Amino acid sequence: MGRFVEGVEHEIADDMQAARSMRLPVWGKLLIIPASIPVFWAFDHLGALDRSLPTLNCIVAFCFLFFLKREQRRFRWFWFTFGLLAVIHILLILAISWTQNWIPALVWAGAASLDLVAMLVVVDAMQVAVNDPRTPRKLGG
């Protein structure tokens, strides 16, 4: 168990270092607002505008996680874990009663960051577990 935890800690440290060095290009920053308008419009049309911001936060977190762990996309375990996390997020967005009141952007950013770190821990734990020679290769590449 100690070797597993050390492996996960090492993966997380490597991922955090890679995340700190990532920068969104100017064209990416300019596309964020126009790309989010259809999401707001769709949720407003469905009468669930309060779920649009949590959904966009999840989309951004999943995109960041995918870009950070893109070298793992050739493995089945990665897609299994990614899909499981997506289902959990969809269920949480549908189950939680979201407020329509104003919430500071710092709170949303903090929640999205914690969400990303939690997903990163899960993906890194799966990566270490699958790469561990003691683990059966049922989900591995």
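Only residues that are of a type in the set (D, E, K, R), free of Cβ contacts under 8 Å to residues at least 60 places away in the same chain and outside any helix (DSSP H, G or I): list them for segment 55-100, please.
Going through segment 55-100, the residues of a type in the set (D, E, K, R) turn out to be 69-71, 73-74, 76.
So of that shortlist, the ones also free of Cβ contacts under 8 Å to residues at least 60 places away in the same chain come out as 69-71, 73.
Listed by number, the residues that qualify are K69, R73.
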Notebook entry, point to check: Can you name every residue in segment 13-33 that is in contact (Cβ under 8 Å) with a residue 40 or more places away in the chain and farther than 26 Å from V121 by Cα?
Noted result: none
Next item on the list: Can you give me the number of residues within segment 3-16 that are more than 19 Å from L65 (Cβ to Cβ) and surrounded by 11 or more Cβ atoms within 10 Å (Cβ to Cβ)?
Entry: 3
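Counting only residues that are basic (K, R) and surrounded by 19 or more Cβ atoms within 10 Å (Cβ to Cβ), how many does segment 50-72 have?
Our first condition is that a residue be basic (K, R); within segment 50-72, this holds for 51, 69-70.
Filter once more, keeping what is surrounded by 19 or more Cβ atoms within 10 Å (Cβ to Cβ): 69.
Within segment 50-72, residues that are basic (K, R) and surrounded by 19 or more Cβ atoms within 10 Å (Cβ to Cβ) number 1.
Considering F40, F82, which residue is surrounded by 10 or more Cβ atoms within 10 Å (Cβ to Cβ) and either under 30 Å from A129 (Cα atoms) or of a type in the set (A, V, I, L, M) (or both)? Walk me through it before giving the result.
On the way: F40 fails: either under 30 Å from A129 (Cα atoms) or of a type in the set (A, V, I, L, M) (or both).
Going through F40, F82 in turn, just one is surrounded by 10 or more Cβ atoms within 10 Å (Cβ to Cβ) and either under 30 Å from A129 (Cα atoms) or of a type in the set (A, V, I, L, M) (or both): F82.
Quick one: which of A19, A35 is surrounded by 12 or more Cβ atoms within 10 Å (Cβ to Cβ), out of contact with any Leu (no Cβ under 8 Å at 6 or more places or on another chain), of a type in the set (G, A, S) and part of a helix (DSSP H, G or I)? Talk me through it step by step, then tell me what you get.
On the way: A19 fails: out of contact with any Leu (no Cβ under 8 Å at 6 or more places or on another chain).
Sole residue among the options that is surrounded by 12 or more Cβ atoms within 10 Å (Cβ to Cβ), out of contact with any Leu (no Cβ under 8 Å at 6 or more places or on another chain), of a type in the set (G, A, S) and part of a helix (DSSP H, G or I): A35.
Every number here is computed from the coordinates shown, using simple stated rules; none is lab data. Please read all numbers here as calculations on a predicted model, not as lab measurements. We place every Cβ from the backbone using ideal geometry, glycine too, and count neighbours over all the protein chains shown.
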